[in-house]
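To keep things clear, I will list the structure first and then write my remarks on it.
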Amino acid sequence: MKLRIFNTMGRRIEEFVPIEDKKVGMYTCGPTVYNYAHIGNLRTYIFEDLLRRTLEYLGYRVKHVMNVTDVGHLTDDADEGEDKIIKSAREKGKSVWEIADFYTRAFFRDTERLNIERPTVVCRATEHIDDMINLIKRIEKNGFTYMAGGNLYFDISKFPGYGKLALLNLDELKAGARISIDENKKNPHDFVLWFTKSKFEHQAMLWDSPWGKGYPGWHIECSAMSMKYLGDQFDIHCGGIDHIPVHHTNEIAQAEAATGKKWVNYWVHGEFLVLSKEKMAKSAGNYLTLDSLIEKGYDPMDYRYLCLGAHYRSQLQFSYEAMNTARNARLALMERIARLKEEAGEEVKGEKGGMPERESAEYRYLESFEKNITEDLNIPRGLADLWNLLKDRNISPGAKLSVAYIMDRVLGLRLKEAKLPEVEIDEETKELIEERKRARERRDYALADAIRNKLKDRGILLEDTPDGVKVRKA
Ligand code: AMP
Ligand code: ZN
């Protein structure tokens, strides 16, 4: 089955055809590690994880590259303001390296808790300054740059396709109101490739370069690192929709100015998570982290479940009501799976990767699931397929489980770990269970049943299995 996916470049759903058969090169813009990721950022990483898992499900070998921005991302994407990490370090009284290290670890702890697969390559900006300098040299050699006020700029007037991704109308914008504070720019959309002059002190983060001692602009890191690990042309580039007009637009200009050819084939962007109609921005100070949800008693996987319920191209409005619904649904799902596990015993084919028979009833659900996930990544419908499968009374527990596990390769809900809620057994209950056992041994089934009913009223179910009595919550 082929994936069909919405390409921001061209704004239409296209069939995905990789450059190299069976392989996918995929780059996702990573975190700027000056603070914890907020749950909006995490929604984007979950969406990217779903895309990657879908590709893997379809049999592609995915090389997934993600950067970690530990230098150069200013508080404003358009070259204004201060380096986010330097600002955070000053405010917290730590070194820039300590800040970057701390929040990088925090980021991967979050993604691990959300069952997001780790990228094949994680690359830090500060460890790739030479690659950035080399790429800037290529751009300069091809005539796309100018020096002004000590900084090296990208001259967008030299790049005819500028703004194609975002459908920018440059004439309109030029005539319009947005006036850059940076007077060195010939055009407000020109952007810095290399800074040597800035309003702020950058003691710890300065590197030598042909343009003077300084530091790279933010956009160049993604072009340089993606090309280093995926080549001058690759398949998929992702991020949140906010990156379309500036960051990704500039990444394309840099890469294509250097190589003279098309860079990325598919641009895939995730919509925002919004809090009461407003964009959730880290810089606004008031934002929710995964830890803040955990403090409120949620499991990180409840948040993953919430995100699975919305299509990646639709805005998702966050609320605690929606979180509660997601939690309840996920708990019900896990309980159902745990019960199926008990009923099915060892007979679960999917665990070993076996596919259901094409003629079988369960196969229909898997077929529908595959159709949905490959139609522009319709995960909400895929999740509905899983529920429909579980509700079908004509399918055996083992068959249900095997297909559920196959679907979970994409959904990533950790279904295999499902366990029935633990029951706490106090002394009195223990005694009653023993008494019932003795009654059964005497063949006093009337008493045994009476005890069983008594326990049921207390919310405890006893089940006689070949391995002995099992106790679970009613
Ligand atoms: P940043 O750390 O700011 O570079 O952002 C990391 C990722 O999160 C990027 O792909 C952004 O596009 C994305 N992002 C930022 N805010 C949100 C939001 N409210 N909802 C979804 N994604 C977001
Ligand atoms: Zn990027």
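Condition check ((1) under 25 Å from Leu168 (Cβ atoms); (2) within 16 Å of ligand 2 (Cβ to nearest atom); (3) free of Cβ contacts under 8 Å to residues at least 12 places away in the same chain; (4) assigned by TED's automatic domain parsing to the domain that holds Thr374) across all residues:
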position	(1), (2), (3), (4)
Arg12	yes, no, yes, no
Lys22	no, no, no, no
His38	no, no, no, no
Thr44	yes, yes, no, no
Thr69	yes, yes, no, no
Trp97	no, no, no, no
Ala100	no, no, no, no
Arg105	no, no, yes, no
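Taken together, the residues in segment 92-146 that are of a type in the set (Gly, Ala, Ser) and at pLDDT 95 or above amount to 2. Of the residues making up segment 253-274, those that are among the aliphatic types (A, V, I, L, M) and within 22 Å of the chain's Cα centre (by Cα) are Val264, Val268, Leu273, Val274. The lone criterion from (1) surrounded by 17 or more Cβ atoms within 10 Å (Cβ to Cβ); (2) farther than 30 Å from Glu48 by Cα; (3) modelled with pLDDT of 90 or more left unmet by Ala418 is number (2).
Going through segment 149-167 one residue at a time, which ones are in a strand (DSSP E or B) and at pLDDT below 95? Give the derivation first.
Applying the first criterion (in a strand (DSSP E or B)) to segment 149-167 yields 151-154.
Passing the criteria: only Asn151.
Here Lys22 fulfils each of the conditions (1) of a type outside the set (S, T, N, Q); (2) within 15 Å of ligand 1 (Cβ to nearest atom); (3) at positive phi; (4) at pLDDT 95 or above apart from (2).
Here is a yes/no grid of residues against (1) in the same structural domain as Asn115 (by TED's automatic domain parsing); (2) under 30 Å from Asn35 (Cα atoms); (3) in contact with an Asp or Glu (Cβ under 9 Å, 6 or more places away or on another chain); (4) at pLDDT 95 or above:
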{"site": "Tyr298", "(1), (2), (3), (4)": "no, yes, no, yes"}
{"site": "Tyr303", "(1), (2), (3), (4)": "no, yes, no, yes"}
{"site": "Gly309", "(1), (2), (3), (4)": "no, yes, no, yes"}
{"site": "Arg313", "(1), (2), (3), (4)": "no, yes, yes, yes"}
{"site": "Ser319", "(1), (2), (3), (4)": "no, yes, no, no"}
{"site": "Met323", "(1), (2), (3), (4)": "no, yes, yes, yes"}
{"site": "Met334", "(1), (2), (3), (4)": "no, no, yes, yes"}
{"site": "Lys341", "(1), (2), (3), (4)": "no, no, no, no"}
{"site": "Glu346", "(1), (2), (3), (4)": "no, no, no, no"}
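What residue, among those in segment 214-245 that are within 12 Å of ligand 1 (Cβ to nearest atom) and touching a helix residue (DSSP H, G or I) at 6+ places or on another chain (Cβ under 8 Å), is nearest to Met26 (Cα to Cα)? Please lay out each step first, then the result.
First, the residues of segment 214-245 that are within 12 Å of ligand 1 (Cβ to nearest atom): 218-219, 221-222, 237-245.
Checking the rest, the ones that are also touching a helix residue (DSSP H, G or I) at 6+ places or on another chain (Cβ under 8 Å) come to 218-219, 221-222, 237-240.
Working: Trp218: 20, His219: 17, Glu221: 16, Cys222: 12, His237: 6, Cys238: 8, Gly239: 11, Gly240: 15 Å.
Looking at the filtered set, the residue picked out is His237.
When every residue of segment 259-273 is checked against the conditions, at least one turns out to be among the hydroxyl-bearing types (Ser, Thr, Tyr), at pLDDT 95 or above and either surrounded by fewer than 21 Cβ atoms within 10 Å (Cβ to Cβ) or part of a strand (DSSP E or B) (or both). Number of residues in segment 200-254 that are aliphatic (A, V, I, L, M) and either in the same structural domain as Arg313 (by TED's automatic domain parsing) or more than 16 Å from ligand 2 (Cβ to nearest atom) (or both) equals 3.
Filtering Ala148, Ala125 for residues that are more than 15 Å from Gln254 (Cα to Cα), in the same structural domain as Ile252 (by TED's automatic domain parsing) and out of contact with any strand residue (DSSP E or B) (no Cβ under 8 Å at 6 or more places or on another chain) leaves a single hit, Ala148.
Residues that are surrounded by 16 or more Cβ atoms within 10 Å (Cβ to Cβ) and on the phi < 0 side of the Ramachandran plot within segment 367-379 comprise Ser368, Phe369, Glu370, Asn372, Ile373, Thr374, Asn378, Ile379, listed in sequence order. Would you be able to tell me the number of residues in segment 246-261 that are away from ligand 1 (no atom under 15 Å from the Cβ) and in contact with a helix residue (DSSP H, G or I) (Cβ under 7 Å, 6 or more places away or on another chain)? Looking only at that region, the number is 5.
The values are calculated or read from the model by the stated rules, or taken from the named source; none is laboratory data. Bear in mind the structure is a predicted one, so any value in this text is a computation, not a measurement. All Cβ positions, even for glycine, are placed from backbone atoms using ideal geometry, and neighbour counts span all protein chains on display.
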